[in-house]
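A short worksheet on the structure shown next.
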Amino acid sequence: MAHFSENQNPAQRERWICIYPAYINSKKTLPEGRKIPKSKAIDNPTANEIKDICSAAGLQVALEAGKCYPRDLNRDPLYRGRVRVQLKNEDNTPFKEEFPSRKALLLYVSEMIPKLKTRQQKQGGGGESSAAAGQDKGKKKKNKKR
């Protein structure tokens, strides 16, 4: 029963849950749309990161890049988009038993995004280059004083 032909998928996707990056963004407040505790949220997730994590977990995923979270006043193109995820089958049973609810999926996604290679490169690369720049500036100042 869970097998669909390609022409049935768009109608079926409308029943999938939507995940906006604001749901797991630590820089958002609960009234601004965050749905998980701030201690478990992450800084500025993107829809692409959410899509990558969900598809790696074996879920059915669809990225809707042009969509914007209604409560988001910023409307920054970098953080636009939403991800549709099939959480339940037609008979209302979980598609994957690890994710019985939307909150369970949100917590999993927020836990896994920091482990992405793109996130690790941003954190590691930024720190090294700024430290090296700081060392160079220190040397230049010493040379100017002499």
Would you be able to tell me the number of residues in segment 1-30 that are assigned to a loop (DSSP other than H, G, I, E, B), modelled with pLDDT of 90 or more and not hydrophobic (A, V, I, L, M, F, W, C)?
5
Does segment 81-100 contain at least one residue that is closer than 17 Å to Ser26 by Cα, surrounded by fewer than 15 Cβ atoms within 10 Å (Cβ to Cβ) and either in contact with a helix residue (DSSP H, G or I) (Cβ under 8 Å, 6 or more places away or on another chain) or not basic (Lys, Arg) (or both)?
no
Yes/no for Leu73 being at pLDDT below 90, out of contact with any Gly (no Cβ under 7 Å at 6 or more places or on another chain), surrounded by fewer than 15 Cβ atoms within 10 Å (Cβ to Cβ) and not in a loop (DSSP other than H, G, I, E, B)
no
Selection over segment 28-48 where residues are closer than 18 Å to Ala104 by Cβ and in contact (Cβ under 8 Å) with a residue 24 or more places away in the chain yields a count of 6
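Answer yes or no as to whether Asn48 is at pLDDT below 90 and of a type in the set (S, T, N, Q).
In short, no.
Mind checking which residues of segment 53-68 are in a loop (DSSP other than H, G, I, E, B), surrounded by 15 or more Cβ atoms within 10 Å (Cβ to Cβ) and either in contact with a helix residue (DSSP H, G or I) (Cβ under 7 Å, 6 or more places away or on another chain) or not basic (Lys, Arg) (or both)?
Ala57, Leu59, Gln60, Cys68
If you take the residues in segment 12-31 that are among the aliphatic types (A, V, I, L, M) and surrounded by 14 or more Cβ atoms within 10 Å (Cβ to Cβ), which one is farthest from Pro77 (Cα to Cα)?
Pass one, segment 12-31, residues among the aliphatic types (A, V, I, L, M): 17, 19, 22, 24, 30.
Now restrict to residues that are surrounded by 14 or more Cβ atoms within 10 Å (Cβ to Cβ): 17, 19, 22, 24.
Values: Ile17: 22, Ile19: 16, Ala22: 13, Ile24: 17 Å.
Filtering segment 12-31 for residues that are among the aliphatic types (A, V, I, L, M) and surrounded by 14 or more Cβ atoms within 10 Å (Cβ to Cβ), the one farthest from Pro77 (Cα to Cα) comes out as Ile17.
Could you go through segment 93-107 and let me know if any residue there is touching a Ser or Thr at 6+ places or on another chain (Cβ under 9 Å) and either part of a helix (DSSP H, G or I) or modelled with pLDDT under 85 (or both). So that I can check it myself, show each step before the final result.
Taking segment 93-107 and keeping what is touching a Ser or Thr at 6+ places or on another chain (Cβ under 9 Å), we get 94.
Subsequent filtering for residues that are either part of a helix (DSSP H, G or I) or modelled with pLDDT under 85 (or both) retains 94.
The answer is yes; a qualifying residue exists.
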Taking Pro114, is it over 18 Å from Ile17 (Cβ atoms) and in a helix (DSSP H, G or I)?
yes
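The values are calculated or read from the model by the stated rules, or taken from the named source; none is laboratory data. In this text, all values refer to a predicted model and were calculated from it rather than measured experimentally. With ideal geometry, Cβ positions are generated from the backbone for all residues, glycine too; neighbour counts draw on all protein chains shown.
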